[in-house]
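Peer 1: One structure is given below, represented as structure tokens, and several questions about it will come after.
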Amino acid sequence: MSTEQTNSSLSLIQPKNVMFGSLGLTKTEDKADLKNISATTPQMPSLYIGPMTDSKTLRYRPFHSSGFVAYEKSQRSYFIYCENPDVSKSKIAQDSFREDQSFVEYLGSSAEEISLILRDLSTQSVTKQQVSDFNNGTTTDAFSELKEIVQVVSDDVAGTFWALVETDSGQMYCPIRVVDTETSNVQDDKLPTDGKLIHWGHYILPSDFLAYYYERNTVTLGSSLLLHLFGLGNFSQTMPVTCNGLKAAVVPGSKFMERSSCGNNTQTQFEAIKQAILDFDIE
């Protein structure tokens with residue numbers, strides 16, 4: 001028999017409280033590959049949770065080398081920035097880059113603030129092929145009409161935002177990434193200059209496209225994975241601490257099935273975590 005979820009952090013994990021998600025992209029030298037754009041596989045995009053009525057938020061990370069985890073809700077502030085391959089993270093944190101190379105924008109510290117900015121971030125929809133062609137030097141008259149910030153609405157990276165900036169290789173569209181830090185680290189709506197105080201997330205994905213990703217990838221994720229992920233918000237759940245290990249209660253901050261416990265095999269870890277989530281009670 002299912003037991004109702006009573007933890008005040010985990011009970012926030014509801015579809016209506018998803019502020020946005022984050023999607024991993026394939027990389028070249030630890031930066032998104034701008035010429036061969038694709039989503040990392042396998043993956044389960046993270047969910048960033050925050051109700052409109054509460055200033056505290058949390059990150060729900062199903063799949064990572066460090067394992068499954070739902071963090072404790074806390075006061076955190078969120079930012080987005082354009083990941084230019086020629087601008088280091090330290091320069092982003094220290095705001096020491098040229099205006100045409102990147103940007104950092106304060107999203108907010110609550111779902112209410114964040115939703116307003118994401119809603120107006122881009123008014124132009126494009127295909128992945130358009131962005132890829134531009135970054136590979138294929139130009140057509142259509143590109144003259146592209147805006148500085150566009151949103152890809154097709155293929156495996158649907159929902160991601162891209163900004164036109166100056167790189168060492170010329171103008172290119174670079175993906176917009178989400179970062180967060182404890183609100184106490186923020187002054188004048190700016191990131192702390194110490195990059196170690198920043199959580200460097202993946203590439204921001206609006207909540208509707210997050211759901212679309214899970215729905216679209218049913219072959220690898222299963223048809224009801226997102227539904228079961230939300231089961232943690234309604235009922236107490238258990239899952240194996242290590243691959244093939246004993247189960248323990250899922251509590252905020254506890255990590256389950258780290259890759260090192262799965263023979264350092266990404267696919268083995270992915271399948272184990274997927275099955276553990278599909279075993280979550282949903283009624």
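Peer 1: Could you identify the single residue in Pro15, Pro45 that is open to solvent by 10 Å² or more (accessible area, probe 1.4 Å) and either acidic (Asp, Glu) or touching a residue at least 40 places away in the same chain (Cβ under 8 Å) (or both)? Give the derivation first.
Peer 2: Values: Pro45 fails: open to solvent by 10 Å² or more (accessible area, probe 1.4 Å).
After applying the criteria, what remains is Pro15.
Peer 1: Which condition does His202 not pass, out of (1) assigned to a loop (DSSP other than H, G, I, E, B); (2) open to solvent by 50 Å² or more (accessible area, probe 1.4 Å), if it passes all the others?
Peer 2: All conditions are met except number (1).
Peer 1: Kindly indicate the residue of region 246-271 that is open to solvent by less than 30 Å² (accessible area, probe 1.4 Å) and not aromatic (Phe, Trp, Tyr) and also nearest to Gly231 (Cα to Cα) among those meeting that condition.
Peer 2: First, pick out the residues of region 246-271 that are open to solvent by less than 30 Å² (accessible area, probe 1.4 Å): 250, 252, 256-257, 262, 269-270.
Among the residues that remain, those that are also not aromatic (Phe, Trp, Tyr) are: 250, 252, 257, 262, 269.
On the way: Val250: 12, Pro252: 15, Met257: 19, Cys262: 24, Gln269: 21 Å.
Looking at residues that are open to solvent by less than 30 Å² (accessible area, probe 1.4 Å) and not aromatic (Phe, Trp, Tyr), I get Val250.
Peer 1: Now, a different point. Going through Lys73, Lys31 one at a time, which residue ends up being open to solvent by 10 Å² or more (accessible area, probe 1.4 Å) and under 17 Å from His202 (Cβ atoms)? Break it down stepwise before answering.
Peer 2: Numbers: Lys73 fails: under 17 Å from His202 (Cβ atoms).
Criteria check complete, one pass: Lys31.
Peer 1: Still on this model: Which of the residues that make up region 48-61 are surrounded by fewer than 24 Cβ atoms within 10 Å (Cβ to Cβ) and in a loop (DSSP other than H, G, I, E, B)?
Peer 2: Those that are surrounded by fewer than 24 Cβ atoms within 10 Å (Cβ to Cβ) and in a loop (DSSP other than H, G, I, E, B): Pro51, Met52, Thr53, Asp54, Ser55, Lys56.
Peer 1: Which one is modelled with the lowest pLDDT, of the residues in region 12-41 that are among the polar types (S, T, N, Q) and in a strand (DSSP E or B)? Lay out the reasoning, then the answer.
Peer 2: Residues of region 12-41 among the polar types (S, T, N, Q): 14, 17, 22, 26, 28, 36, 38, 40-41.
Adding the requirement that they be in a strand (DSSP E or B) leaves 22, 28.
Details: Ser22: 98, Thr28: 89.
It comes out as Thr28.
Peer 1: Still on this structure, please answer the following. Restricting attention to region 143-164, which residues are over 11 Å from Lys128 (Cα atoms) and either among the small types (Gly, Ala, Ser) or open to solvent by less than 10 Å² (accessible area, probe 1.4 Å) (or both)? Show your work before the answer.
Peer 2: So in region 143-164, the residues over 11 Å from Lys128 (Cα atoms) come out as 143-149, 163-164.
Within region 143-164, Ser144, Ala163 qualify.
Peer 1: Checking Phe63 against (1) more than 27 Å from Leu221 (Cα to Cα); (2) among the aromatic types (Phe, Trp, Tyr); (3) at pLDDT 95 or above, which single condition isn't satisfied?
Peer 2: Just one mismatch for Phe63, condition (1).
Peer 1: Is it fair to say Leu205 is touching a Lys or Arg at 6+ places or on another chain (Cβ under 8 Å), of a type outside the set (Gly, Ala, Ser) and within 23 Å of Ala39 (Cα to Cα)? Can you show your working first?
Peer 2: Working: touching a Lys or Arg at 6+ places or on another chain (Cβ under 8 Å): no; of a type outside the set (Gly, Ala, Ser): yes; within 23 Å of Ala39 (Cα to Cα): yes.
It is false that Leu205 is touching a Lys or Arg at 6+ places or on another chain (Cβ under 8 Å), of a type outside the set (Gly, Ala, Ser) and within 23 Å of Ala39 (Cα to Cα).
Peer 1: Here's another thing I want to ask about it. Within 23 Å of Ser66 (Cα to Cα) and in a loop (DSSP other than H, G, I, E, B): is that true of Met44 in this structure?
Peer 2: Numbers: within 23 Å of Ser66 (Cα to Cα): yes; in a loop (DSSP other than H, G, I, E, B): yes.
Spelling it out, Met44 is indeed within 23 Å of Ser66 (Cα to Cα) and in a loop (DSSP other than H, G, I, E, B).
Peer 1: Condition first: touching a helix residue (DSSP H, G or I) at 6+ places or on another chain (Cβ under 9 Å) and surrounded by fewer than 20 Cβ atoms within 10 Å (Cβ to Cβ). Now tell me which residues in region 90-114 satisfy that. Reasoning before the result, please.
Peer 2: Within region 90-114, the first condition is being touching a helix residue (DSSP H, G or I) at 6+ places or on another chain (Cβ under 9 Å), and the residues that meet it are 90, 92-94, 96-97, 101-102, 104-109, 111.
Passing the criteria: Ser90, Gln94, Ser96, Phe97, Gln101, Val104, Glu105, Tyr106.
Peer 1: Taking region 97-128 as the region of interest, how many residues are outside any loop (DSSP other than H, G, I, E, B), free of Cβ contacts under 8 Å to residues at least 24 places away in the same chain and not aliphatic (A, V, I, L, M)?
Peer 2: 2
The values are calculated or read from the model by the stated rules, or taken from the named source; none is laboratory data. None of these values were measured; they are calculated from a predicted model. So basically every Cβ, Gly included, is an ideal-geometry build from the backbone, and we count neighbours across all protein chains shown. Note: areas computed on protein heavy atoms with side chains; ligands, DNA, RNA excluded. Shrake-Rupley method; radii C 1.70, N 1.55, O 1.52, S 1.80 Å.
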